Amino acid sequence: MYSWTRKRHVLHAYGLHFMEAPWAGGVVLLVCVAIAMLLANLPFTAGFYHDLLHTSLAVNIGYGSENWIFPKEMTVEKFINDGLMVIFFFTVGLEIKREIVCGQLSSVRRAILPVLAAAGGMLAPALIFLLFNHGTGAVNGWGIPTATDIAFAVGILSMLGDRVPVSLKVFLTALAIADDLGAIIVIALFYGGTIEWGCLAVALAIMAALYLMNRMGETRMMCYLIPAIVVWSLFYYSGIHSTISGVAMAMLIPMKPRYSKEYYFRKQACLTESLTRSAGTGECPDEEHRYYLRRLSRLAHSSMGMSYRLEHVLTPYVTFLIMPIFALANAGVVISSAEYFNIFHFSHEIGSVGMGVFFGLLIGKPLGIFTASWIAVKSKLAVMPEGASWRMLWAVACLGGIGFTMSIFVDTLAFSHPEMIDRGKIAILMGSTAAGILGSTLILLFSKSKKERRYEA
C-alpha cells in the first residue's frame with residue numbers, strides 16, 4: 001500500500017514538473033499533429049475522423065412558420081475554431097494586456113524593439129507570399145506566414161538553456177506577444193465576413209457598459225463572464241470573426257484587485273493573529289483553525305486582480321486541452337499523393353501556396369525581424385538586448401518563423417478550397433519545422449554555455 005501511494009505521488013510530481021515546463025505545450029502539440037495526420041490518412045479511421053469534424057451541432061427551434069437555427073451552421077470543427085479558440089484568444093488578450101500594463105510593452109523604451117521587430121516580421125513574409133501568388137487565387141493567404149507561435153518558439157529557447165541570453169528570451173517573448181496582437185488585427189480587418197451592423201452595435205454597447213463597470217470599480221467575475229458569452233454570440237452573427245470577441249473582452253477585464261495593499265496587510269495580520277491565538281487550544285487544525293485558514297485563502301485570492309486570476313486558471317487548460325484539440329481538428333491533412341509535399345507546385349489558378357508559406361516562414365520572418373531590429377538599433381530608436389550579438393539575434397529571429405497555431409488558424413480563414421487549405425497546412429508544418437531546426441542549429445553554433453564561458457575566462 002505504501003509503495004503504491006509513493007509511486008502515485010512520484011508520478012504526480014513528475015506530471016506537475018512536465019506541465020510547468022515551458023516546452024511542454026509544444027511537445028503535446030507535436031504529438032497531436034502526428035495523431036491527427038494518422039487519423040486523417042489511415043483507411044480505418046479517415047472516414048470517422050472527417051465525419052466527426054463535420055457533425056452538425058445546430059439546434060433547430062421551430063415556431064409557427066419560422067425556423068431558427070442556433071448556433072448557425074455550427075459543426076464540431078466550427079465549434080472548435082469559433083468557440084473553443086475564443087478561450088485561447090481570450091488568454092492571449094490577457095497576456096497582451098499584462099505586458100502592456102506592467103510588462104515588456106509597458107514603456108516606449110522597452111517596447112519599441114520587439115514591436116518594430118514584430119512589424120517587420122509580419123511585413124516581410126506577407127510580401128514574399130504576394131511575390132509568389134500575386135494575381136492568382138491564393139493571394140488572400142498573405143496573412144498565413146505572418147504569425148509566430150509563442151509556445152514552440154519560447155519552448156525551444158528554454159530547451160537550449162543558458163546558451164541563449166535571458167535578454168533574448170525576453171525579446172522573443174515580447175515579440176511573439178506583439179506578433180499575436182498584429183495577427184488579431186489582421187484577422188479582424190481582412191478575414192471577416194459581411195458585417196451585420198445591428199449585432200455589432202449591440203455587442204459594442206455591452207462592451208461600453210462593461211468598460212464603465214470597470215472604471216467604477218466592479219470586480220465580481222460573473223459580471224464580466226456572463227456578458228462575455230453574449231458578446232461572443234453577437235460577434236458570431238455580426239460577420240466579424242467571433243474569436244476577436246475574446247481579445248476584446250480580455251481588454252475589459254479589471255487588473256485592479258478587490259482589496260488594496262493596505263487593507264490586505266492589515267486584514268492578514270489580524271487573521272494571522274487570531275489563528276495563532278487559537279492554535280494553542282485543542283487539536284490542530286480544528287474547525288476554528290480551518291475557518292481562519294479559509295478566510296486567509298479568500299483574502300489572498302481577492303487581493304490579486306481578476307485578469308491575473310483568470311490567466312493563471314485558464315493557461316493550463318488552453319495549453320493542454322484547447323490547443324491539442326485544435327491541432328487534432330485542423331492538422332489532419334489527407335495526403336493523397338506525394339505532390340502535397342512539393343512546395344514548388346504552381347498553377348495560374350491557385351498560385352503556389354506552398355512556396356509562399358514555406359519561404360515566408362523560413363526566410364521572410366527572420367529577415368523581417370532582423371532588418372527591423374537592425375534599423376531600430378542603428379537609428380538609436382532602441383537598444384540591443386543586453387549580452388546579445390547580431391549573430392545570436394539572427395538565430396533567435398529564425399525561431400520566429402515557427403508559425404503553426406496562428407498560421408493554421410489564418411489558413412482556415414483565408415481559403416475555402418479544400419486543396420488550398422491542405423497545401424497551406426502542409427507548408428506551415430514544413431516551414432515551421434525548418435525554421436525551428438535552423439534557429440536551434442544556429443544558436444548551438446553561435447553560442448557557448450556558461451560553463452564554457454567560465455572555462456575560457
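The values are calculated or read from the model by the stated rules, or taken from the named source; none is laboratory data. Nothing here was measured: the structure is a model prediction, and the numbers come from that model. Here the Cβ is made from the backbone with ideal geometry for all residues, glycine too, and neighbour counts use every protein chain on show.
Of all helices (runs of 4 or more DSSP H) completely enclosed by the stretch 145-215, which ones contain at least 1 residues that are under 26 Å from residue 437 (Cα atoms)? Break it down stepwise before answering.
On the way: elements: 150-159, 166-190, 197-215.
Result: 150-159, 166-190.
Contact list please: Cβ distance under 6 Å, first residue in the stretch 172-201 and touching a residue at least 60 places away in the same chain (Cβ under 8 Å), second residue polar (S, T, N, Q) and buried (at least 17 other Cβ atoms within 10 Å of the Cβ), pairs at least six apart or on different chains.
Qualifying pairs under 6 Å: 174/104; 176/148; 179/148.
From the set of residues in the stretch 51-85 that are of a type in the set (Phe, Trp, Tyr) and more than 26 Å from residue 332 (Cβ to Cβ), which is modelled with the highest pLDDT?
Among those residues, the one meeting the criterion is 70.
Going through 233, 245, 274 one at a time, which residue ends up being of a type outside the set (Lys, Arg), under 21 Å from residue 181 (Cα atoms) and assigned to a helix (DSSP H, G or I)?
Residue meeting the stated conditions: 245.
With respect to residue 360, is the statement that it is more than 12 Å from residue 117 (Cα to Cα), touching a His at 6+ places or on another chain (Cβ under 7 Å) and modelled with pLDDT of 85 or more true?
Working: more than 12 Å from residue 117 (Cα to Cα): yes; touching a His at 6+ places or on another chain (Cβ under 7 Å): no; modelled with pLDDT of 85 or more: yes.
Against the criterion (more than 12 Å from residue 117 (Cα to Cα), touching a His at 6+ places or on another chain (Cβ under 7 Å) and modelled with pLDDT of 85 or more), residue 360 does not qualify.
Which of the residues belonging to the stretch 86-102 are aliphatic (A, V, I, L, M) and either within 11 Å of residue 184 (Cβ to Cβ) or touching a Gly at 6+ places or on another chain (Cβ under 6 Å) (or both)?
Listed by number, the residues that qualify are 86, 92, 96.
Identify the residue in the stretch 256-302 that is in contact with a Lys or Arg (Cβ under 7 Å, 6 or more places away or on another chain) and at pLDDT 75 or above and, among all such residues, is farthest from residue 219 (Cα to Cα).
Across the stretch 256-302, the extreme among qualifying residues is 271.
Determine whether residue 226 is under 30 Å from residue 402 (Cα atoms) and either assigned by TED's automatic domain parsing to the domain that holds residue 74 or assigned to a helix (DSSP H, G or I) (or both). If you could, list the steps in order and put the result at the bottom.
Working: under 30 Å from residue 402 (Cα atoms): no; either assigned by TED's automatic domain parsing to the domain that holds residue 74 or assigned to a helix (DSSP H, G or I) (or both): yes.
Considered against the rule, which asks whether it is under 30 Å from residue 402 (Cα atoms) and either assigned by TED's automatic domain parsing to the domain that holds residue 74 or assigned to a helix (DSSP H, G or I) (or both), residue 226 comes out as no.
Name the one entry in 302, 352, 336 that is out of contact with any Cys (no Cβ under 6 Å at 6 or more places or on another chain), over 30 Å from residue 423 (Cα atoms) and either in contact (Cβ under 8 Å) with a residue 40 or more places away in the chain or assigned by TED's automatic domain parsing to the domain that holds residue 80 (or both).
302
I'd like to know if the stretch 411-423 contains one or more residues that are crowded, with 24+ Cβ neighbours inside 10 Å and under 19 Å from residue 122 (Cα atoms).
The answer is yes; a qualifying residue exists.
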